[in-house]
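Data first, discussion second: the structure below is written as structure tokens.
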Amino acid sequence: MRQFKRYAIYYLPPRGALYDFGSAWLGWDVIDGVPVPHPDLPLPVADLTEAPRKYGFHGTIKPPFRLRDGAELDDLFDAFESAVRGLTPITLDGLAVAQLGQFLALRPQGDVAPLADITSHMVRTLDPFRAPLSEAEVQRRASVGLTTRQMALLERWGYPYVMEEFRFHLTLTGRLPLDGAEEVHATLDHLITPLLSTPWTIDSLCLCGEDQDGMFHLIHREMLSSSSA
């Protein structure tokens, strides 16, 4: 049985043209847990995607965390299923390639408040399973220049970009140099836009684990119910 050193709750797009492209672009299929050849493009795709590759094509709901002492995967699994039970699918106006800081990602269009509510719910509900950050981890996060509020979130929830600081996205690149960023953006926009449906529905959440080599794998996909009954 595969052993995992960290766990996370992700949104993974369903299998299909978008998921297949995203997995090939990044070079890692998080559902099957296998490397995927990059598309043949006149871009240094392997270099552009080196940083996000290990996570696969995903949107973060609860960021990666270690289990606290005494917690077991079976307990986390049950709590995950329970936390998802009763949540209803989220319909977004769509997704679009956008710049977020120094990297590119697919970003939601339209009202994201219901998605933010689900994310906050999952962060709060599963937090009892999270091991505290080490002092070194806190310092590493703080070194990027967090705001006072982000530092407070880091200390409380183990990650600075949760709750009102949350920005849902499906990462497509690592940090891009200024020279050539526009070309990458235009290429991704051209390749991905035809694969996107409008509206876009998020109807499942996934429990994922990071293996000893640092690569993430799907453990279980839980569908969101069609009603809250």
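None of the figures in this text is laboratory data; all of them are computed from the coordinates on show. Here the structure is a predicted model, which is why all the values come from computation and not from measurement. For neighbour counting, all protein chains shown are included, and Cβ atoms are generated from backbone atoms with ideal geometry for every residue, glycine included.
Things to note:
- Estimated FRET transfer efficiency when R0 is 22 angstrom, pair LEU191-THR91 (beta carbons, to 0.05): 0.35
- A Gaussian network model of the chain, with springs between Cα atoms under 10 Å, assigns the largest mean-square fluctuation among SER134, SER82, SER204 to SER134.
- Note: relative contact order over the stretch 71-149, using C-alpha pairs below 8 Å and six or more positions apart, is 27 percent.
- Projecting the Cα atoms of LEU67, THR187, THR148 onto the charge dipole of the chain, computed from C-beta unit charges around the Cα centre, puts THR148 farthest toward the positive end.
- Applying the criteria of a DSSP loop state and at most 15 other Cβ atoms within 10 Å to the trypsin sites (Lys or Arg not before Pro) of the stretch 1-52 yields ARG2, ARG15.
- Annotation: peptides 118-127, 56-65, ranked by per-residue average of other Cβ atoms within 10 Å with the highest first, follow the order 56-65, 118-127.
- Value of relative contact order over the stretch 32-183, rounded to a whole percent, pairs C-alpha under 8 Å and six or more apart: 36
- Comparing Cα centroids, the stretch 98-138 and the stretch 35-77 end up 14 angstrom apart.
- ALA113/GLN3 FRET efficiency (R0 35 Å; Cβ-Cβ; nearest 0.05): 0.40
- Once the C-beta distance of THR125 and ARG15 is scaled by a Förster radius of 25 Å, the resulting FRET efficiency is 0.35 to the nearest 0.05.
- Separation in nanometres of the label points that stand 7 Å from Cα toward Cβ, at ASP179 and ARG68: 5.0
- Per-residue extension of 0.36 nm, minus the Cα-Cα distance of LYS54 and THR147, leaves a gain of 30.7 nm for this segment.
- The distance between label points at SER225 and THR201 comes to 1.7 nm (points 7 Å beyond Cα on the Cα→Cβ vector).
- Trypsin sites (Lys or Arg not before Pro) within the stretch 64-121: DSSP coil, no more than 16 neighbouring Cβ in 10 Å: ARG68, ARG85
- Positive-pole candidate from LEU196, SER23, TYR10, dipole of the chain, charges at beta carbon: TYR10
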